[in-house]
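The values are calculated or read from the model by the stated rules, or taken from the named source; none is laboratory data. Small disclaimer: the values here were computed from a predicted structure and weren't measured. So basically every Cβ, Gly included, is an ideal-geometry build from the backbone, and we count neighbours across all protein chains shown.
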Amino acid sequence: MNKKRSAIANCDHRQGANTIDPGILSSLKMRHLSLLVALADHGTTHRAADALNMTQSTASKMLRDIEEVLGATLFERGPRGLVPSPLGDFAIRGARRQLSRLRRFADEFEVLRAGGYGTLTVGAITGAAPDFVAHAVAEIKRKRPQLMVTLHGETSEDILAQLEVGGLDLAVGRFSTERHRDIFDFEPLADEHLAFVVRADHPLADKGITGLDQLDRCAWALQPRSNPTRQVLEAAFDRAGMARPTDTIECSSILLLLNLVQVSDAVALLPKAVVHAPIRAGLLRAIQIRPAVLLTGFGLVTRSKEGLSEAALEFCDILRTRAARYAAPAQDAARDVG
């Protein structure tokens, strides 16, 4: 059997081998990896070829070469174009990871070449960013003024997807799927407390409301269903035997959601770290629902079995120190917002 064709078991098991010769991988170039990603992103050979400035015939031949090297069918043709096979999905994730690492290597190399002091790219969930990660970033910048720091504030699902493919050095968030436990290391940092909030002059602001059942007819400004805060709220309604809200505005932007609450009658459930400043400024009021609503704790997330740069290691130490100090300020904020 041809050495290339025996490299790895095919998706439909037409090849009998189940291992790949590492030497064969030397024939895969960055151009091949870029093609895999382009095919996944664009769905057709024609559009992928255009994105990479090559002919469709060249792209088709490159895909055949890749599949021959790996001994597996990576894409199947479907009614809407190319559909990755299970092994194709795996190969695409690997290609994204390698390309991301190469880009970050090039960026950091350019920073160092220009006389800088390296880069640090961090992802953080919204609830951890305002008074946790921001302080840690400020501290490392005091210690390393020339360090180029980039922050990405998204949901855990989004930032861990970036972390997996090498787009981040580390993340502050929480696992959103069981698969994350296999590919990441997690170190707890702090709990995430939530607050029910309304605009400052909302009719409910001075009603002394303490039960969720008193909000059953309210309009709501909600995050998407995939967001943990939304899931916690819906679970609270379910436990109380109440129908889930139907008069809703769904918004993925925390900033826009805060603005919506300030100009409407909607109630929102948001991280206390996010609403602390607007409450202090008199823009929002907290409704003291009991029992309090709490998300599972967030923590430091890194890729398993992969080393960190000196700057990233120092940032992790700063986060740990910040976590040790975080409990008291969090309790103070909790008292302030109810």
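A quick yes/no check of all residues on (1) at pLDDT below 90; (2) assigned to a loop (DSSP other than H, G, I, E, B); (3) surrounded by fewer than 18 Cβ atoms within 10 Å (Cβ to Cβ):
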| site | (1), (2), (3) |
| --- | --- |
| SER176 | yes, yes, yes |
| PRO188 | no, no, yes |
| VAL197 | no, no, no |
| LYS207 | yes, yes, yes |
| THR210 | yes, yes, yes |
| SER226 | yes, yes, yes |
| THR229 | no, no, no |
| VAL232 | no, no, yes |
| PHE237 | no, no, yes |
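What tally of residues in region 42-71 results from selecting those that are within 17 Å of LEU28 (Cβ to Cβ) and either in contact with a Phe, Trp or Tyr (Cβ under 6 Å, 6 or more places away or on another chain) or without any contact (Cβ under 8 Å) to a residue 12 or more places away in the chain (or both)?
Adding up the residues that qualify gives 5.
Identify, from the list GLN162, GLN146, the residue that is under 23 Å from ALA38 (Cβ atoms) and of a type in the set (S, T, N, Q).
On the way: GLN146 fails: under 23 Å from ALA38 (Cβ atoms).
The match here is GLN162.
Could you grab me the full set of residues in region 94-133 that are at pLDDT 80 or above, in contact with a Ser or Thr (Cβ under 9 Å, 6 or more places away or on another chain) and more than 20 Å from LEU319 (Cα to Cα)?
The answer is ALA95, LEU99.
Within region 248-291, track down each residue that is in a loop (DSSP other than H, G, I, E, B) and touching a helix residue (DSSP H, G or I) at 6+ places or on another chain (Cβ under 8 Å). Steps first, answer last, please.
Narrowing region 248-291 to residues in a loop (DSSP other than H, G, I, E, B): 251-253, 263-266, 281-283, 288-291.
Within region 248-291, CYS251, ALA266, LEU283, ILE289 qualify.
Identify, from the list LEU295, LEU269, LEU308, the residue that is within 19 Å of ASP201 (Cα to Cα) and touching a residue at least 12 places away in the same chain (Cβ under 8 Å).
Values: LEU295 fails: within 19 Å of ASP201 (Cα to Cα); LEU308 fails: within 19 Å of ASP201 (Cα to Cα).
So the residue among LEU295, LEU269, LEU308 that is within 19 Å of ASP201 (Cα to Cα) and touching a residue at least 12 places away in the same chain (Cβ under 8 Å) is LEU269.
Would you please name the residue that is surrounded by the fewest Cβ atoms within 10 Å (Cβ to Cβ), looking only at residues in region 273-292 that are more than 24 Å from ALA240 (Cβ to Cβ), touching a residue at least 12 places away in the same chain (Cβ under 8 Å) and among the small types (Gly, Ala, Ser)?
GLY282
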